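Since every read-out is calculated from the coordinates, none of them should be taken as a lab result. Note that the coordinates shown come from a computational prediction; the quantities given were computed from them, not determined experimentally. Using ideal geometry, Cβ is built from the backbone for each residue, glycine included, and neighbour counts are taken over all protein chains shown.
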Amino acid sequence: MIRLFSAFLSGLFCLGFLAPETAHAQSAEAVAKAFAGNWITYDRHFAEQKSCELAFSAQKSGDLYPITKKGCSGDLADIAGWRIQNNQLVFMSSANTAIALVGGNQERLSGTILQNNLPIIIERLEVARKIEKARKSIQCSYIGYSQTCASPRDFAPPAASIGSPSPVQILVNLNARTEPRNNATIKTVLKPNACVSAEVCTVASDGLWCKVKIENGNAWIKKQTVRQQRWPVITFKNGCS
């Protein structure tokens, strides 16, 4: 369950995992203003084509802060707005049913679709476009610590879906986080050659994220990163040898 809180941290208004009394310190109106604007998800589960765009309004209408959509499908096809309930940010449908719970900051929100437990990442549009452009401009991403450039098939997601996990092999020292966000808490560091089970994956502007089984629960790992702020690498491969 995702908790909602309000705090200014490194210039960002954040949602997620603090005590309820902190959440009440800021109003829904302040949250609405902080998160108003254009957002995007690249997950094909929710997009008619390559992406689904959402515009968050800062002006309340009835019980909701409206969300307008463009190119959305699946669970987001009927999204109408959001509200705060029990310290959670809840996406609502036009029929006033809860669709998803999300948390994060003004640049990235992540959470879960309630009906089917699918993960979802929603990013600030202008930030996501820059990250996506930079990632796609990379000419060579190395396979782990090797000097071999990854081929297109090396970027493919594992054949993992809810209820049908798939093994992946870690290629580098890899941070496993509580949420699919680079600023989320690190739960553990996975070592090269470790074999873990990917339970479900999703995609964002910075590439593929997979939820994996670890010793003390679950954590999120990212398939593409930059080592020592210099070398683009892929961090795991599909299947274990």
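Observations, loosely collected:
- Interchain or long-range residues, amide H under 5 Å from ALA100's placed H: PHE91, LEU114
- Mean separation of Cα contacts under 8 Å, 6 or more apart, over the residue count of the stretch 139-238: relative contact order %: 31 percent
- Taking Lys and Arg as +1 and Asp and Glu as -1, the other residues whose beta-carbon sits under 14 Å from that of ASP154 total +3.
- For the chain, the Kirkwood estimate of hydrodynamic radius, built from reciprocal distances between every pair of different alpha carbons, is 18.6 Å.
- With θ taken as phi - 60° and the Karplus curve 6.51 cos²θ - 1.76 cosθ + 1.60 applied, the whole-hertz 3J(HN,Hα) list for the stretch 65-81 is 9, x, 10, 9, 10, 8, x, 9, 8, x, 5, 9, 5, 10, 5, 10, x Hz, x standing for glycine and proline.
- Mean separation of Cα contacts under 8 Å, 6 or more apart, over the residue count of the chain: relative contact order %: 14 percent
- Peptides 33-41, 215-223, 145-153, ordered by how many other C-beta atoms sit within 10 Å of their residues on average, highest first, read 33-41, 215-223, 145-153.
- Cα gyration tensor category, rounded, prolate or oblate, for the stretch 127-204 with a/c compared to 1.5: rounded
- Exceeding the 19 Å Cα-Cα cut-off - candidates LYS187/LYS222; LYS70/LYS136; LYS133/LYS213; LYS136/LYS222; LYS133/LYS223; LYS50/LYS213: LYS70/LYS136; LYS133/LYS213; LYS50/LYS213
- Cα-centre dipole for the chain with unit charges at Cβ (Lys and Arg positive, Asp and Glu negative), debye to 20: 760 debye
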